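In what follows, a single structure is set out as C-alpha cells and then discussed.
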Amino acid sequence: MELWYTEYHTDTARFSIKVNKQLYSGQSEFQRIDVFESEEFGTFFTLDGLIMATEKDEFIYHDMIVHVPMATNPNIKNVLVIGGGDGGTVRELTRYETIESIHMVEIDKLVVDVCRKFMPLTSCKLDDPRVELFFEDGLKYVRDKENAYDLIIVDSTDPFGPGEGLFTREFYGNCFKALNEKGILVNQHESPYYEGDALAMKRAHRRVREFFPISRVYQAHIPTYPSGHWLFGFASKEFDPLQFDEEAWNKLGLKTKYYNTEIHKGSFALPNYVLEMLANADKE
Ligand code: SAM
C-alpha cells in the first residue's frame, strides 16, 4: 500500500510526496503539526497541512533568508527572529561570530519541541549561548521594542492562522521602530505565482514600503513550496542590498550550499510579471 502526502497549492493544483512513514502527528493550541519520512525529501514537517521545511531543500530558504542581510551589513550584532520554529534560520545566524545575541520569538513551543526531536538538521543550534527563545506572539512582542535590533528576520507561516498578524501594517510599523537607525527587515514574502499567494505578496509589499525607505524583493526556487518560485522581502533604513562588500563576505570563508555573492546580486533580478505586480502593489 502506497502512502502519499499531498498539499493543495490551489484548489486545482496539488503537490504530492511519497511517504515511507508518518513519524508524528499532534495538535498544539495554534496548529496541527505532522512529521513524515520520505525517500525524495528526507524528513519533513507540515503545519496545518502545509510544508514548512524538508531535510533536502531547507538549505535554500535558510541560506537566502540569512546570508543576504548578513552580507549586506557586516556589523550586525543583535538579531530578532520571529517564527522560525524549526531552527534553520537560527542555525545559519550562529555561523557569524560577529553576532552577539539572537532572540527567537516563536508562538508555538510544540513546533520547537517536535523539530528538536525530528529535525535535528535545522534545530541543531537552538542551544547556542547567544540564542534566547521566547514562546509568544511576535506581533505583541515587537509592540514595545525600540531601537533594539540591527536585523529582524520574519520567518513566519503564511498570512492566515497565527501568522496573519505578521503581515499587518501594525506589525511592520513596530518592526521599523524596533530596529536601530541602520536596521534591516527581511521577511518570507510569499510567492508571485498562484493568485492567492500573489495577493498576499502584494499586500505585504505595499505595507512594508509604507515604512521603509529601501524596500526590495529577491527570489529563490524552493522545490517544495507552492510553484517553487519563492520571494523574500528586504527592507532597510539605510542599506541597499546591492551595494555590499562581496570580498568581505567571501573572506569569512563560510561554506554555503546555496548562497554565494553572485546569487545574492542575481536574486534581486526579477521576472517582468513580478516587477509589474510590485509596481502595482498599491492597486489590489
Ligand atoms: N519556512 C517556513 C515558511 O516559509 O513557511 C516557515 C518556517 S517556521 C516553521 C514558521 C513559524 O512561524 C512556525 O513555527 C509558527 O508557529 C510561527 N508563527 C506563526 N505565527 C506566529 C506569530 N504570530 N508569532 C510568532 N511565531 C509565529
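The values are calculated or read from the model by the stated rules, or taken from the named source; none is laboratory data. None of the values given here were measured: they were computed from a predicted structure. For neighbour counting, all protein chains shown are included, and Cβ atoms are generated from backbone atoms with ideal geometry for every residue, glycine included. When the accessible area is computed, the model is the full protein with side chains, heavy atoms only, and any ligands, DNA or RNA have been set aside. Shrake-Rupley method; radii C 1.70, N 1.55, O 1.52, S 1.80 Å.
Would you mind stating whether residue 55 is over 28 Å from residue 20 (Cβ atoms), open to solvent by 20 Å² or more (accessible area, probe 1.4 Å) and modelled with pLDDT of 95 or more?
For residue 55, the condition - over 28 Å from residue 20 (Cβ atoms), open to solvent by 20 Å² or more (accessible area, probe 1.4 Å) and modelled with pLDDT of 95 or more - is not met.
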The stretch 88-135, subset open to solvent by 70 Å² or more (accessible area, probe 1.4 Å) and in contact with an Asp or Glu (Cβ under 7 Å, 6 or more places away or on another chain), residue nearest to residue 151 (Cα to Cα):
135
Enumerate the pairs (first residue in the stretch 249-269 and within 15 Å of residue 69 (Cα to Cα); second residue anywhere and assigned to a helix (DSSP H, G or I) and open to solvent by 60 Å² or more (accessible area, probe 1.4 Å)) with beta-carbon separation below 7 Å, excluding pairs fewer than 6 apart on the same chain, so at least 6 apart or on different chains.
261/250
Candidates 138, 233, filtered to the one that is in the same structural domain as residue 104 (by TED's automatic domain parsing) and either modelled with pLDDT under 95 or away from the ligand (no atom under 11 Å from the Cβ) (or both):
233
Quick check on this structure: which one of 48, 86 is in the same structural domain as residue 256 (by TED's automatic domain parsing), modelled with pLDDT of 95 or more and more than 26 Å from residue 180 (Cβ to Cβ)?
86
Condition first: under 24 Å from residue 44 (Cα atoms) and either of a type in the set (Phe, Trp, Tyr) or within 12 Å of the ligand (Cβ to nearest atom) (or both). Can you find one or more residues in the stretch 171-182 that meet it?
no
Residue count, the stretch 202-223, condition part of a loop (DSSP other than H, G, I, E, B), out of contact with any helix residue (DSSP H, G or I) (no Cβ under 8 Å at 6 or more places or on another chain) and without any contact (Cβ under 8 Å) to a residue 60 or more places away in the chain, comes to 1
Scanning the stretch 1-41 residue by residue, those in contact with a strand residue (DSSP E or B) (Cβ under 6 Å, 6 or more places away or on another chain) and among the β-branched types (Val, Ile, Thr) turn out to be 6, 17, 19, 33, 35
Within the bounds of the stretch 26-44, is there any residue that is out of contact with any Leu (no Cβ under 9 Å at 6 or more places or on another chain) and surrounded by fewer than 17 Cβ atoms within 10 Å (Cβ to Cβ)?
yes
Quick check on my filter: what residues within the stretch 145-170 are among the acidic types (Asp, Glu) and either away from the ligand (no atom under 12 Å from the Cβ) or part of a helix (DSSP H, G or I) (or both)?
146, 150, 164, 170
Selection status of residue 278, in contact with a strand residue (DSSP E or B) (Cβ under 7 Å, 6 or more places away or on another chain), open to solvent by less than 30 Å² (accessible area, probe 1.4 Å), in the same structural domain as residue 214 (by TED's automatic domain parsing) and assigned to a loop (DSSP other than H, G, I, E, B)
no
